[in-house]
Each structure stands twice: as C-alpha cells, then as structure tokens.
Amino acid sequence: MRIQSAEQLFQGRCKPCEQQAALYSSNQAIAQLGHLEDWYLVCDGRRIRRDYTVNNFLAGLALFDKVGRLAEIENHHPDLHLEGYRNVSLELWTHTIGGLSVNDFILAAKINGLENPSGTVVE
C-alpha cells in the first residue's frame, strides 16, 4: 500500500471496490493518517473517524449536507453521527471489504478540504 500526501489523496477519485480490494493494515492506516489532520483509527483499526463540535443543531445538519453531497459525488458514503445536538462524528470504512481502503482516505482528505464546514470547531 503506497502512502500518499493529503494533496495526492485530495486529487484522487474513489473507485468501486471489489471484495478483493486492497485492505490497509493498522500500521499502513496509521502511516496514512500521518498525512490527514484530525482523523484517527477506531474499531480495531478498521475505520477512521473525525469529530466536530458545531455551533448548534442546524450547523450539524448543514455539515451532514455538505459531507453527503461530497459523498454522492465520490460514491463513497460515511457513517454520520449527531449526538447531544452539537457533537458530530464521521466514520469512514469500506463496507465491501470490512475495513479501510484508499477510498476512505481520499474521502477524508476531501472532507478536510471543505471550506468552513458549518461553522465547526474541531476539538
């Protein structure tokens, strides 16, 4: 698995995965996350997650909308969580292979590239 810069990931495109798609090991995922701010491993290294604290409930929904539109363009969809009306979390993983593929890191880089996502403050 080749580790890419955030810019290289941002320039990439998500591609449909087959069940035999390359699966990142925990060590490879940690190395790749070294190039993506604010994302971290969860679920025994099979998913990556980013947390936000937003100004209010509507800001959380607006963030979901921005991320959802981007996910549709890339045809790769995160799990979206809104708890306590201000706490937003995004989780990425490739369902087909039950772990992390390059698509997860591409979408993470593109999410990081969103301009001022809903007045969010990353904690």
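Key figures
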read-out	value
Cα-based helix-to-principal-axis angle, 102-112 vs the chain, degrees rounded to 10	30
HN-Hα J in Hz across segment 37-48 - Karplus 6.51, -1.76, 1.60, θ = phi - 60°, x for Gly and Pro	5, 6, 9, 8, 7, 9, 6, 6, x, 9, 9, 10
Low-density loop positions, GluC sites (Glu not before Pro), segment 1-101 - DSSP coil, at most 13 other Cβ in 10 Å	GLU18, GLU37
Least to most buried among LEU114, LEU70 (fewest other Cβ within 10 Å first)	LEU114, LEU70
Gaussian network model of the chain, Cα within-10 Å springs - most flexible of ASP51, ASP104, ASP79	ASP79
Ellipticity estimate at 222 nm from DSSP helix runs (n ≥ 4, -39,500 (n - 2.57)) divided over the chain, nearest 500	-10500 deg cm²/dmol
Only Lys, Arg (+1) and Asp, Glu (-1) charged, at Cβ; segment 6-119 dipole about Cα centre in debye	80
Cut-off of 10 Å, at most 12 other beta carbons, DSSP loop: longest stretch of the chain lacking such trypsin sites (Lys or Arg not before Pro)	14-123
Furthest towards positive pole of dipole, TYR85, ALA62, CYS17, structure part the chain, Cβ charges	CYS17
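Read-outs: derived from the displayed coordinates by stated rules, not from any lab. Computed from a predicted model, the values in this text were never measured in an experiment. Quick reminder, even Gly has a Cβ in these numbers, built from the backbone with ideal geometry, and neighbours come from all protein chains shown.
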